Amino acid sequence: MPWIVSFHVIFMVTWFAGLFYLPRLFVYHADCKDAPGNERFKVMERKLYVMTNIGFIGTVVFGLILVFAYAWSAYAMTGWFWTKMVMVIILIAFNFYCGKLVKDFREERNIRSHKFYRLVNEIPVLPLVVIIICVVVKPF
Ligand code: HEM
């Protein structure tokens, strides 16, 4: 399974690049006053969201392969596995929330300031830390 774990982690890094950088783009986009800048941010957000979704789907597909191959029988009774799954659900919800924000900016419906998006930017940190500790330390 080392190949599957490798691809799982590669897609996970791709996914997180998007989950961290999309809200950064929203920070600058919310502050942007000129029309060419506004249009450029829309293109950047749309393309980055596509890449983010590729990372998301790849992470889930390779993660599920691991679950079916051995992890369900090995870890279904452990606390860390289910803690990780709760964190994954939070990340998936955050992924779709970012998609909603991309759409809001595209349709000129953003009403939030850059300060709000600075806070949004922090949301994926907690699930990332918890998941890495769960899968590596397997504490409970
Ligand atoms: C539906 C989503 C996911 C599923 C089903 C899943 C499932 C799994 C499974 C079964 C393993 C093997 C665990 C082991 O044998 O030790 C694994 C490894 C791993 N997962 Fe996930 N995972 C998912 C999402 C994620 C996410 C979102 C992250 C990062 C934030 C992540 C990070 C990792 C890492 C770093 C490893 C390698 C651990 C190691 O080999 O030491 N996974 N995943």
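When segment 82-127 is filtered for residues that are loosely packed, with under 14 Cβ neighbours inside 10 Å and among the acidic types (Asp, Glu), the ones remaining, listed by number, are Glu107, Glu108, Glu122.
Every residue, every condition in (1) of a type outside the set (D, E, K, R); (2) at pLDDT 95 or above; (3) in a helix (DSSP H, G or I), yes or no:
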position	(1), (2), (3)
Val43	yes, yes, yes
Asn53	yes, yes, yes
Val61	yes, yes, yes
Ile65	yes, yes, yes
Met77	yes, yes, no
Ile92	yes, yes, yes
Phe96	yes, yes, yes
Asp104	no, yes, yes
Phe116	yes, yes, yes
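Within segment 45-63, the residues that satisfy the criterion of being away from the ligand (no atom under 16 Å from the Cβ) and buried (at least 16 other Cβ atoms within 10 Å of the Cβ) are Glu45, Leu48, Tyr49. Would segment 118-126 turn up any residue that is touching a helix residue (DSSP H, G or I) at 6+ places or on another chain (Cβ under 9 Å), assigned to a helix (DSSP H, G or I) and farther than 30 Å from Ala35 by Cα? Checked segment 118-126: at least one residue is touching a helix residue (DSSP H, G or I) at 6+ places or on another chain (Cβ under 9 Å), assigned to a helix (DSSP H, G or I) and farther than 30 Å from Ala35 by Cα.
Limited to segment 1-44, what total is found for residues that are more than 11 Å from the chain's Cα centre (by Cα) and more than 16 Å from the ligand (Cβ to nearest atom)?
Total meeting the criteria: 21.
Inside segment 105-140, residues that are among the aliphatic types (A, V, I, L, M) and either in contact with a Pro (Cβ under 7 Å, 6 or more places away or on another chain) or within 23 Å of Ala74 (Cα to Cα) (or both) make up a count of 10.
The values are calculated or read from the model by the stated rules, or taken from the named source; none is laboratory data. None of these values were measured; they are calculated from a predicted model. Don't worry about glycine lacking a Cβ; one is built from the backbone with ideal geometry, like all the others, and counts go over all protein chains shown.
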